[in-house]
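To keep things clear, I will list the structure first and then write my remarks on it.
We did not get these values from a lab; they are worked out from the coordinates using the rules stated. This structure is a prediction, so every number in the text was calculated from the model and none was measured. Cβ placement follows ideal geometry from the backbone for every residue including glycine, while neighbour counts extend to all protein chains displayed.
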Amino acid sequence: KVKIGVLDGGYQVEHVLVNRDKLHPIIFELTNSDGEKESFNPNVYNIETDKDEQGKEKRSYSVHGGQVAGVIGAKALASYQYAGGVAKDAELYLATFEADNPAPQSLSASQANDDEEMEEEQTESKENQSLLSSNQPSLQFQRLALATGMNKLVAKRVFAINNSWNEDPVGHTIQEMDDAYRETILQAKNNPLLDAIENAVKQDTLLVFA
C-alpha cells in the first residue's frame, strides 16, 4: 500500500491485468530545441513503422514499461495460476521519457533521421555522447525529459522509483566510472538530470536501477 514510481517507456495502461484504480499516469509537456512542444503521456503508444524480413511494413511499439509495471502491480489470474505482481496493493505512478508519436514515421524518414544522427555521433568523442554530460541538443532534451519525469514522481512522494534507463558502460570497475565522470559530471553545472537525482535522494526516495 505504498506509492511506487516507474520511469520508463512503452506502458500498456489498457492491459486486461492492469489495476486501473491503482494506476496514475503523469502527463507533462516540454519545449524542444526547435521551439516545438512535445507531450510525454504514458497513455499513448509510441508506434514505429519498420519492415520485416520479407520487406513488408510492420508497426510496432515498445512494451517495456508495461512489463515493468506488471512485475510490480499486475492483477492475479487464477485460471493461469498467475500470482500477479509482487506489490499488487501499491499505487503505481507512471512517467515516460518517450515523447508522444501518434503518427508513425515512414521508414524512409525514420532511416534518414537515424543516418543523420549516426553521422553526427561519429564525429564526436565518446565523452560528448554521454547521456549525463553531452552537449548534443537531442541528449540534452532527453536529460530534461528524464529529469522532469523523476521530479514529478518525487513530488508525488513515492517510496521508490524504478529507473529503466542508464548510460552506456564506460568501464568495468567503480574506479573507472569515477575517473570518467569526475570532470564531466561532478563539476557539471545546469544539469537538470543530476539535480533531479540529488533532489530525489534528499527526499529519501529510493532509486532503483535494475
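Taken along the Cα-to-beta-carbon direction at a fixed 7 Å, the label points for Leu206 and Asp179 span 3.4 nm.
Which entries of Lys156/Lys189; Lys156/Lys202; Lys37/Lys156; Lys37/Lys189 show an alpha-carbon separation above 20 angstrom in the structure shown?
Lys156/Lys189; Lys37/Lys156; Lys37/Lys189
Ranked by the mean number of other Cβ atoms within 10 Å of their residues, highest first, the peptides 129-142, 52-65 come out as 129-142, 52-65.
The base-10 log of I(q)/I(0) for the stretch 8-95, evaluated at q = 0.16, 0.21, 0.22 Å⁻¹, reads -0.74, -0.98, -1.02 [Debye formula, identical scatterers on Cα atoms, solvent excluded].
Based on DSSP H segments of at least four residues, each scored -39500 (n - 2.57), the chain has a per-residue ellipticity at 222 nm of -9500 deg cm²/dmol. The convex hull defined by the C-alpha atoms of the chain has an orientation-averaged projected area of 14.6 nm². If R0 is taken as 25 Å, the Cβ-Cβ distance between Ile47 and Gln67 corresponds to a FRET efficiency of 0.90. Amide H to amide H, with H built 1.01 Å from N, Phe28 comes under 5 Å of Phe40, counting only residues 5 or more places away or on other chains.
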